[in-house]
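Chemist: Here's a structure for you.
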Amino acid sequence: MAKIATLITDKFEDVEFTSPKEALEAAGHTIVTIDKEGNKSITGKNGEATVQIDKGVAEANPQDFDALFIPGGFSPDLLRDDDRVVAFAKHFMDEKKPVFAICHGPQLLITAKSLEGRDATGYKSIKVDLEYAGVNFHDEEVFVCQKQLVTSRTPDDLPAFNREIVNLLKEKEL
């Protein structure tokens, strides 16, 4: 089963973390939460979820993980000002490991300069940002690019997002 790094900090979209986490764990995968610093608790922007951070980014080696998950909300924007977090995310794109990003999650991948020429979706407010980053934008509930990058737009898309992230890991026999 896959060991999945989750880049997350305060003000994440609560259900965009909890729902995929439940789907991935139900399929037997392990989620490891990573923030700029470890050993703390963070809270979602709606106050519905509190998450214990497993590791600070300095303690986490991207080579130890099979996939990357980036929930949306304000979290991706707050994380992308840290070069260590950006480099961590970029590793997964460069190595063609599975990457799952929903809503504002692709913002972190924009900063990692790893989306040019890719097909993706995201929340409507980052559509222009994605296009400037060289993305072929698709206004669809879920888009799977090159059997590696899975993106979705909003919490309404979670059933399709969860289905595709679990299917991709199964297809890759992780």
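The values are calculated or read from the model by the stated rules, or taken from the named source; none is laboratory data. Everything numeric here is computed off the predicted structure, so don't read it as measured data. Here the Cβ is made from the backbone with ideal geometry for all residues, glycine too, and neighbour counts use every protein chain on show. Remember, those area values only see protein heavy atoms, side chains included, never the ligands or the DNA or RNA. Shrake-Rupley method; radii C 1.70, N 1.55, O 1.52, S 1.80 Å.
Chemist: Each residue of region 85-90 in order: what ³J(HN,Hα) in whole Hz does its phi give by Karplus 6.51 cos²θ - 1.76 cosθ + 1.60, θ = phi - 60°, with x for Gly and Pro?
Modeler: Rounded to whole hertz, the list is 5, 4, 5, 4, 5, 4.
Chemist: Greater than 18 Å separation of Cα atoms is the criterion. Which listed pairs, LYS3/LYS55; LYS11/LYS40; LYS127/LYS170; LYS21/LYS90, meet it?
Modeler: Working: LYS3/LYS55 14 Å; LYS11/LYS40 14 Å; LYS127/LYS170 29 Å; LYS21/LYS90 21 Å.
Long pairs (Cα-Cα over 18 Å): LYS127/LYS170; LYS21/LYS90.
Chemist: Return the loop-located trypsin sites (Lys or Arg not before Pro) in region 136-174 (DSSP other than H, G, I, E, B) with at most 13 other Cβ atoms within 10 Å of their own Cβ; answer none if there are none. Each step should come with its number before you reach the end.
Modeler: Values: sites: LYS147, ARG153, ARG163, LYS170, LYS172; in loops: LYS147, ARG153, LYS172.
Within region 136-174, the qualifying trypsin sites (Lys or Arg not before Pro) (loop, at most 13 other Cβ atoms within 10 Å) are LYS147.
Chemist: Out of all Cα-Cα pairs in region 105-160, roughly what percent, to the nearest whole number, are more than 17 Å apart? Please report the intermediate quantities before stating the final value.
Modeler: Values: 384 of 1540 pairs.
Above the 17 Å cut-off, region 105-160 has 25 percent of its Cα pairs.
Chemist: Among DSSP beta bridges whose residues both lie in region 33-168, state the antiparallel percentage, nearest 5.
Modeler: Working: 7 of 18 bridges.
Approximately 40 percent, going by the DSSP bridge assignments.
Chemist: Which one of ALA101, GLY72, GLN148 has its Cα pushed farthest toward the positive end of the charge dipole of region 65-151, where Lys and Arg give +1 and Asp and Glu give -1 at the Cβ?
Modeler: The residue sitting most towards the positive pole is GLN148.
Chemist: If amide hydrogens are placed 1.01 Å from N in the peptide plane, which non-local residues have theirs closer than 5 Å to the one on THR154?
Modeler: Amide H neighbours of THR154: CYS103.
Chemist: Next up: If you project the alpha carbons of region 32-174 onto their three principal axes, what span does each projection cover, largest first, in Å?
Modeler: 37, 33, 28
Chemist: Still on this structure, please answer the following. Report the label-to-label distance for LYS3 and GLN63 in nanometres (one decimal), using points 7 Å from each Cα along the Cα→Cβ vector.
Modeler: With each label placed 7 Å out from Cα toward Cβ, I get 1.3 nm.
Chemist: Next question. Just the number please: accessible area per residue for the chain, 1.4 Å probe, all protein chains included, in Å². Mind dumping the intermediate values first?
Modeler: Values: 7830 Å² over 174 residues.
Value for the chain: 45 Å² per residue.
Chemist: Rounded to the nearest percent, how much of the accessible area of region 28-174 (1.4 Å probe, protein heavy atoms only) is carbon and sulfur? Before the final figure, lay out each step's value.
Modeler: On the way: 2950 of 6840 Å².
Ligands and nucleic acids excluded, carbon and sulfur give 43 percent.
Chemist: Related question: Quick one: net charge of GLY38's neighbours, Cβ under 12 Å, K/R +1, D/E -1?
Modeler: On the way: positive: LYS36, LYS40, LYS55; negative: ASP35, GLU37, ASP54, GLU59.
Neighbourhood net charge equals -1.
Chemist: By how many nm would the segment from GLU140 to ARG163 grow when fully extended, if each residue of separation counts as 0.36 nm and the alpha-carbon distance is taken off? It would help to have the intermediate numbers written out before the result.
Modeler: On the way: separation 23, 0.36 × 23 = 8.28 nm, distance 1.44 nm.
So the chain would gain 6.8 nm between GLU140 and ARG163.
Chemist: Further, regarding this structure: Nearest 500 deg cm²/dmol is fine: what mean residue ellipticity at 222 nm does the chain get from its DSSP H runs of n ≥ 4 alone, each adding -39,500 (n - 2.57), divided by its residue count?
Modeler: Values: 6 runs with 56 residues, N = 174.
After summing the helix terms and dividing by the residues of the chain, the value is -9000 deg cm²/dmol.
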